[in-house]
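What follows is a short report on a single structure.
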Amino acid sequence: MTELVRYESSDDGVATVTLNRPEKRNALNPELIAALDGAFTKAENDEGVRVILLNANGKDFCAGADLAHLEKTLDWSHDELVADAMQLGNLFIHMRELPKPIVAAVHGNVLAGGCGLATACDIVLASEGAHFGYPEVHIGFVPAMVMTMLIRNVGEKVAFELVATGRRFGPEEAKGMGLVNRVVDSKDLMDRSRELGVELATKPIEALSADKDLLHKLGDLSFVKGIEVGASMNATVRTSEEAREGFRRFLETRRRSKS
């Protein structure tokens, strides 16, 4: 059987997780979702990994849900469908709570649940030829779990327009909305993505994890509570040895530059 998700770690602190179902356009079925979740868990538990790079084999990053699997669920009960949907939902939650940054390198079609998968990542680099969209409305579906992330990225009005029309859009528009960080030449996608991953891996891991954790917490808090939580996080990070050593190096460099 073909390995649905490939995992490779390197000495530079970056683990590469690759969707490997190209013959099905990397469509999401229970087996692929489970394999992907397992790969993230492996990276999370590997002390040598500081950053995760998510990409895909084949012409598309991910075309969304596997239609063959959806067909099997047509007669399932409500509770069975909730459990089925929550497998992907739990993957999104895991990605959000995972303390290590996830960088996505996307190309080709990035649609429906595949677009949600990219949105669940912390940084997204897209090739010039990528196509994004939430086309579920065309068959009477709703990108229900994806909307929780989409609204946080683009706001209510833009999110509603995207899911209500189901239209496709290019990487530059996606960047303008806040769904993509950088648009790069197709031939350079993996090189640029890996360079960014290696750069992030050189940063203090506790600070990176704190940045991600606090950023996601703030979206659910009031302004005042956000400031209070931020103050607590500030104090926690400043007591870490990484932060103290980094500050000492900064002061020493500053003193040398003045002498």
Which length gain, in nm to one decimal place, applies between residue 232 and residue 173 when the Cα-Cα distance is subtracted from 0.36 nm times their residue separation?
17.5 nm
Working from Cα positions, state the angle (0 to 90°, nearest 10) between the long axis of helix 78-97 and the longest principal axis of the chain.
20 degrees
For the Cα atoms of the chain, what angle does the longest principal axis make with the long axis of helix 144-154, in degrees from 0 to 90, nearest 10?
40 degrees
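If you take every residue apart from residue 90 with its C-beta less than 13 Å away from the C-beta of residue 90, what net charge results, scoring Lys and Arg +1 and Asp and Glu -1? Let's see the in-between values first.
Values: positive: 96; negative: 37, 84, 97.
Overall, the nearby charge balance is -2.
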Hey, what number do you get for the chain at 222 nm if only DSSP H runs of n ≥ 4 count, each worth -39500 (n - 2.57), divided across all residues, to the nearest 500?
-16500 deg cm²/dmol
Hydrodynamic radius by Kirkwood, which averages 1/r over all alpha carbon pairs of the stretch 16-157, in angstrom:
15.5 Å
For helix 241-258, report the angle its Cα long axis makes with the longest principal axis of the Cα atoms of the chain; keep it between 0 and 90° and round to the nearest 10°.
50 degrees
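Counting only DSSP beta bridges with both residues in the stretch 1-113, what percent are antiparallel, rounded to the nearest 5?
Values: 5 of 16 bridges.
Percentage antiparallel, nearest 5: 30.
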Each label point is 7 Å from the Cα along the Cα-to-Cβ direction; what then is the distance between the points at residue 3 and residue 259, in nm?
5.2 nm
Near residue 31, within a Cβ-to-Cβ distance under 10 Å, what is the net charge of the other residues, with Lys and Arg +1 and Asp and Glu -1?
0
Summing +1 per Lys or Arg and -1 per Asp or Glu among the other residues with Cβ less than 15 Å from residue 99's Cβ gives -2
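Please work out the FRET efficiency for the pair residue 203 and residue 74, using the Cβ-Cβ distance as r and a Förster radius of 41 Å; give the result to the nearest 0.05. Present the calculation step by step, with values, prior to reporting the outcome.
Working: r = 47 Å, r/R0 = 1.16.
Given R0 = 41 Å and the Cβ-Cβ separation, E is 0.30.
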With no solvent term and unit scatterers on the alpha-carbon positions of the stretch 73-220, Debye gives log₁₀ I(q)/I(0) at q = 0.12 Å⁻¹ of -0.54
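Throughout, read-outs are computed from the coordinates displayed, never taken from laboratory work. All values reported here derive from a predicted model rather than from experimental measurement. In this analysis, Cβ positions are derived from the backbone assuming ideal geometry, glycine residues included, and neighbour counts consider all displayed protein chains.
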